[in-house]
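*Asks:* My questions will all concern the structure given below.
Readers should treat all values here as calculations from the given coordinates under stated rules, not as data from a laboratory. Because the structure is a prediction, the values reported are computed rather than measured. Cβ coordinates were reconstructed from backbone atoms using ideal geometry, including for glycine residues, and neighbour counts include every protein chain displayed.
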Amino acid sequence: MRSRRGALSEVYDLLRSEIIAGVFDPGAQLVELVLAEKYGTSRTPIREALRRLEQDGLVERGERGLRVRTRSPEEILEIYEVRIYLEAMAASTAAQRRSDFDLIRIRRAQETMDDTSTDDPAAMAAANRAVHETIWAASHNGTVVDLLTRLNNHLTRYPATTLKTPGRWPEALQEHWAMIDAIEQRDSARAHDLARDHMTKARELRLELYRADPSA
């Protein structure tokens, strides 16, 4: 028999993955009874999963109850306004605090990204995220890592990756290596500015993708 915590974790993981995958459209109502029947469980783990997803930013409250959070260009601007600041802070702090082991992890993540096939958008996005996460970790600031992780949860509702924009992949690789070099050299000012510019480009590309296709 599954424990209560196990049932909650399973329902949360399933519902989260389906929201990210677009099984539920933005704005779709999330009714506890309907979801309980869908996943073959009681309403209690559904209620708890929805509460966690609301904290994650994937679910919001509407006039008729909880629903999948809607998308908008205003939200993209809000997310990136904060993310640009935090990514720059993380890179700058990583340059000051990184250990030799941190640098090894960052380089390995980047080498994996370099070797990632451009025929697999999901793998491209995952490899890119892994590089950023190792830089966050090298900042040794748990609050920054937590906030960036939460912001990334918001962006998972925009499934198209900016890395598939023509020319962006090789450009992003070069920008990453420049940031890594600044971190290795403990040049916090340069690491800050490179990360800021890197994420500013990502914001502009994300807005272009949204304008071309709001469902992307």
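*Asks:* Once each part is reduced to its C-alpha centroid, what is the distance from the range 99-130 to the range 169-206 in angstrom?
*Replies:* Cα centres, the range 99-130 to the range 169-206: 14 Å.
*Asks:* Here is a further query. What value, in deg cm²/dmol to 500, does the helix sum -39500 (n - 2.57) over DSSP H runs of n ≥ 4 give at 222 nm once divided by the residues of the chain?
*Replies:* About -24000 deg cm²/dmol.
*Asks:* With Kirkwood's inverse mean 1/r over C-alpha pairs for Rh, give me the Rg to Rh ratio of the chain, two decimals please.
*Replies:* 1.01
*Asks:* Let me ask something else. What angle do you read, to the nearest 10 degrees and between 0 and 90, between the alpha-carbon axis of helix 142-155 and the longest principal axis of the chain?
*Replies:* The angle comes out near 60 degrees.
*Asks:* Same structure, new question: Helix 168-184: angle to the longest alpha-carbon principal axis of the chain, degrees 0 to 90, nearest 10?
*Replies:* 60
*Asks:* Note the full-extension length gain between residue 44 and residue 60 as 0.36 nm times their separation in residues minus their Cα-Cα distance, in nm to one decimal.
*Replies:* Values: separation 16, 0.36 × 16 = 5.76 nm, distance 1.85 nm.
Fully extending the segment from residue 44 to residue 60 adds 3.9 nm.
*Asks:* Then there is this: 7 Å from Cα along Cα→Cβ at both residue 23 and residue 153: what's the point-to-point distance in nm?
*Replies:* Simple spin-label model gives 1.9 nm for this pair.
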